[in-house]
Amino acid sequence: MHRDAVLQALVLVAVVAGMVWLVGNVQSNLERQNINSGFGFLSERAGFGINQTLIDYTEDDSFGRVVVIGLLNTLLVSILGILFATLLGFSLGVARLSRNWLISKIAMVYIEIFRNVPLLLQIMFWYFGVLRNLPSPRQALSVGDAMFISNRGIVVPWLEAGAGAMWYGLGLLALAAGFIWLRRRALNAKLTSGQPTQVWRPLLVLALALFGAAAVMAGVPFALDVPQLKGFNFRGGVTVIPEFVALLLALSLYTAAFIAEIVRSGINSVNKGQREASAALGLPESLALRLVVIPQALRVIIPPLTSQYLNLTKNSSLAVAIAYPDIVSVLAGTTLSQVGQAVEIIFVTMMIYLSLSLFTSWAMNRYNQRMAFVGNAT
Amino acid sequence: MTDPVIRISDMNKWFGTFHVLRDINLQVAAGEKIVICGPSGSGKSTLIRCLNRLEQHQEGTIEVEGVSLDGSLKNLESIRSNVGMVFQQFNLFPHMSVLENCTLAPIWVKQKTKQEAEALARQFLERVRIPDQADKYPGQLSGGQQQRVAIARALCMNPDIMLFDEPTSALDPEMIKEVLDVMVELAEDGMTMLCVTHEMGFARQVADRVIFMDEGEIVEENEPEAFFSNPQNERTKMFLSQVLSH
């Protein structure tokens, strides 16, 4: 015991000393080569354009703002990717277990194709193989003359919000709260009166009332901005760039294949006796799945599912291959080549991914704890 | 004799090419207690699992309370909610408390209110002598307690018939008695019971009839006294000599 403590203290001292030496070494080397150090560059003018910015940005903005733009782009593709991959993955996982031969085999073929081809190739396939080969804007595929698909991306109509749009935002929030409240009320009614009550009809009434109220408060402060072909490109609407579409497609479809296998093994891991006991009590199969099997399967599904979420977020850095302006592309790519401070920039980029991953793990672990069994489950 | 609540005629079942049940004929009257015994692999578990269609037979007919169990059956759930079942491995829901295990089916199948269902559950937990464990989880209970919860859970649906599939086989010896005691009480209350078990003492005490199965056939059936003291078939004699010798 005592010797262990001494040994561990020695190792700790050695590690700290090593780190101090490394940092000092880097600093003296950088000084000798006349390379700036520190984070002063973050407030300097960036001077380059970015083709997808979720917040306002011009070339005159700082490198600091570039970091925020890149982070938001990474978050956008990761969050949407996680959402789509989860929805598709759960459907495929359940389909894989279907008693219908065809459905099960289709799911199997999908899974085997998408999880066995390297992700980078899939990104390149969607980008160079599909989206870049679409016709130019002048020959764009048109959906009802409102949405246009071309090699410059997908252009969709957009609601231009004016003053008073906030009231609609509030209405939407109130509707979400109302939905949660109505569902809880329906469950309570089921438990106290025995009879299930409706959720959808009162929800519709609530939606009409809320948006009616918003219209009274603020009128209709929205203008539909429909894209139109002007010269060689489109004006108006919102353009979803092909780099984003390719990356989102590839990340979602690839990760969904892994999630499908996780979901399948999770459901399979629930003892057959659980379904039999549910059936013997007279529970229909759908209720047995919802109330008995899925809650237990989630316990097995969540930890590897968390890994897939982390993978998807980190894999989004493959964006550099097709120049989607994610954090790696704009910070560890363009900014690094202009500023040249590799140590600081790579460090910041790594810290950003580390923070994202730790946050995701923390959130998923909290969720997992709520699913844990009490006592020794057999 | 009143109309039988279970009527099995010329029933056959195969697992793939394996003929697991052969020409089964059996009638059970309301309130009757039947013990089914036999060597492992003789088809006794499969037989009672056919009675709530956890297994499907391929030939012959099975009628439970006048309803024929076949592929055309629309409301299998309503039959199942009248036939309680207790498994060898308990099969409690580990993510629910004891009380929730007992109220799940009454709430979702019988559309009872939570209050009614909980009152009912507490009443049956009292009857299996674990009223104070209602808020615990299955993983916190001993095997014997878990099996008694499983019995209470089945009883909460107010079934007319109870099926027991080797209810004490997975239990440590000192816990077998507490489960058997509950089953004896249930029998004394007049429940119709079919019980697959090797507990010959239990069979002597409560059974109206003992059925011996071997290789998928009902080899012999008789009242317990005659069954144990004067078995007719060679296979029955050999089985009994093995079970009773130790």
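Only a single criterion out of (1) charged (D, E, K, R); (2) surrounded by 20 or more Cβ atoms within 10 Å (Cβ to Cβ); (3) within 12 Å of chain A (Cβ to nearest Cβ) is not satisfied by B:R148, namely (3). Before we move on, is A:G282 over 29 Å from A:S252 (Cβ atoms), facing another protein chain (nearest Cβ under 9 Å) and not in a helix (DSSP H, G or I)? Considered against the rule, which asks whether it is over 29 Å from A:S252 (Cβ atoms), facing another protein chain (nearest Cβ under 9 Å) and not in a helix (DSSP H, G or I), A:G282 comes out as yes. If you go through segment A:257-276 and pick out every residue that is in contact (Cβ under 8 Å) with a residue 12 or more places away in the chain, assigned to a helix (DSSP H, G or I) and within 14 Å of chain B (Cβ to nearest Cβ), you end up with 4. For segment B:54-75, the criterion of being over 29 Å from B:Q147 (Cβ atoms), in contact with a Phe, Trp or Tyr (Cβ under 7 Å, 6 or more places away or on another chain) and polar (S, T, N, Q) is met by at least one residue. Does segment A:184-206 contain at least one residue that is in contact (Cβ under 8 Å) with a residue 24 or more places away in the chain and open to solvent by less than 20 Å² (accessible area, probe 1.4 Å)? Checked segment A:184-206: no residue is in contact (Cβ under 8 Å) with a residue 24 or more places away in the chain and open to solvent by less than 20 Å² (accessible area, probe 1.4 Å). Of the listed requirements (1) buried (at least 16 other Cβ atoms within 10 Å of the Cβ); (2) more than 17 Å from A:L287 (Cβ to Cβ); (3) more than 8 Å from chain A (Cβ to nearest Cβ), B:D135 misses just one: (1).
For the residues A:A363, A:A321, the requirement of being open to solvent by 30 Å² or more (accessible area, probe 1.4 Å), within 18 Å of A:I50 (Cβ to Cβ), part of a helix (DSSP H, G or I) and away from chain B (no Cβ under 14 Å) singles out A:A321.
Within segment A:52-71, the residues that satisfy the criterion of being under 20 Å from the mean Cα position of the chain (by Cα) and under 16 Å from A:G333 (Cα atoms) are A:Q52, A:V67, A:V68, A:I69, A:G70, A:L71. Yes or no: segment A:344-352 includes at least one residue that is closer than 30 Å to A:L131 by Cβ and not in a helix (DSSP H, G or I). No, there is no match, as no residue in segment A:344-352 is closer than 30 Å to A:L131 by Cβ and not in a helix (DSSP H, G or I).
The criterion of at least 2 residues that are open to solvent by 70 Å² or more (accessible area, probe 1.4 Å) and in contact with an Asp or Glu (Cβ under 7 Å, 6 or more places away or on another chain) is met, among strands (runs of 3 or more DSSP E) falling completely within segment B:1-94, by B:4-15, B:18-29.
For (1) in contact (Cβ under 8 Å) with a residue 24 or more places away in the chain; (2) among the aliphatic types (A, V, I, L, M), each residue gets a yes or a no:
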site: B:L76; (1), (2): no, yes
site: B:N82; (1), (2): yes, no
site: B:M85; (1), (2): yes, yes
site: B:T103; (1), (2): yes, no
site: B:A154; (1), (2): yes, yes
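When B:S97 is tested against (1) surrounded by fewer than 20 Cβ atoms within 10 Å (Cβ to Cβ); (2) more than 30 Å from A:F373 (Cα to Cα), exactly one condition is not met: (2). With the requirement that a residue be part of a loop (DSSP other than H, G, I, E, B), open to solvent by less than 50 Å² (accessible area, probe 1.4 Å) and over 20 Å from A:V320 (Cα atoms), what does segment A:123-162 give you? Across segment A:123-162, the qualifying residues are A:L134, A:P135, A:S136, A:A140, A:A146, A:P157, A:G162. If you take the residues in segment B:56-96 that are more than 20 Å from the chain's Cα centre (by Cα) and over 26 Å from B:E166 (Cα atoms), which one is nearest to the other protein chains (Cβ to nearest Cβ)? Filtering first and then ranking leaves B:N75. Within segment B:123-132, the residues that satisfy the criterion of being open to solvent by less than 90 Å² (accessible area, probe 1.4 Å) and away from every other protein chain (no Cβ under 14 Å) are B:L125, B:R127, B:V128, B:I130, B:P131. Scanning segment A:24-50 for residues that are outside any helix (DSSP H, G or I) and either open to solvent by less than 50 Å² (accessible area, probe 1.4 Å) or at pLDDT 90 or above (or both) turns up A:G38, A:E44, A:R45, A:A46, A:G47, A:F48, A:G49, A:I50. Of all residues in segment B:20-40, those satisfying the criterion of being closer than 25 Å to B:L240 by Cβ and in contact with a Gly (Cβ under 9 Å, 6 or more places away or on another chain) are B:V20, B:L21, B:R22, B:D23, B:I24, B:N25. Restricting attention to segment B:97-117, the residues that are hydrophobic (A, V, I, L, M, F, W, C), facing chain A (nearest Cβ under 9 Å) and in a helix (DSSP H, G or I) add up to 5.
Given the residues A:N315, A:N368, A:N311, which is the only one that is touching a helix residue (DSSP H, G or I) at 6+ places or on another chain (Cβ under 9 Å), open to solvent by 30 Å² or more (accessible area, probe 1.4 Å), closer than 30 Å to B:Q89 by Cα and not hydrophobic (A, V, I, L, M, F, W, C)? Reasoning before the result, please.
Values: A:N315 fails: closer than 30 Å to B:Q89 by Cα; A:N311 fails: closer than 30 Å to B:Q89 by Cα.
Of A:N315, A:N368, A:N311, the one residue that is touching a helix residue (DSSP H, G or I) at 6+ places or on another chain (Cβ under 9 Å), open to solvent by 30 Å² or more (accessible area, probe 1.4 Å), closer than 30 Å to B:Q89 by Cα and not hydrophobic (A, V, I, L, M, F, W, C) is A:N368.
Is one or more of the residues making up segment A:336-359 modelled with pLDDT under 95 and within 13 Å of another protein chain (Cβ to nearest Cβ)? So far as segment A:336-359 goes, no, none of its residues is modelled with pLDDT under 95 and within 13 Å of another protein chain (Cβ to nearest Cβ). Among the numbered conditions (1) out of contact with any Lys or Arg (no Cβ under 9 Å at 6 or more places or on another chain); (2) surrounded by 13 or more Cβ atoms within 10 Å (Cβ to Cβ); (3) modelled with pLDDT of 85 or more, the only one that A:G169 does not meet is (2). Check segment A:63-84 and report whether any residue there is exposed (fewer than 12 other Cβ atoms within 10 Å of the Cβ), touching a Leu at 6+ places or on another chain (Cβ under 8 Å), at pLDDT 90 or above and within 23 Å of A:I322 (Cβ to Cβ). No, the conditions are met nowhere in segment A:63-84.
The values are calculated or read from the model by the stated rules, or taken from the named source; none is laboratory data. Because the structure is predicted, anything quoted here is derived from the model rather than measured. A quick note on method: Cβ atoms are made from the backbone with ideal geometry, for glycine too, and the neighbour counts reach across all protein chains shown. Side chains included, ligands, DNA and RNA excluded: accessible areas come from the protein's heavy atoms. Shrake-Rupley method; radii C 1.70, N 1.55, O 1.52, S 1.80 Å.
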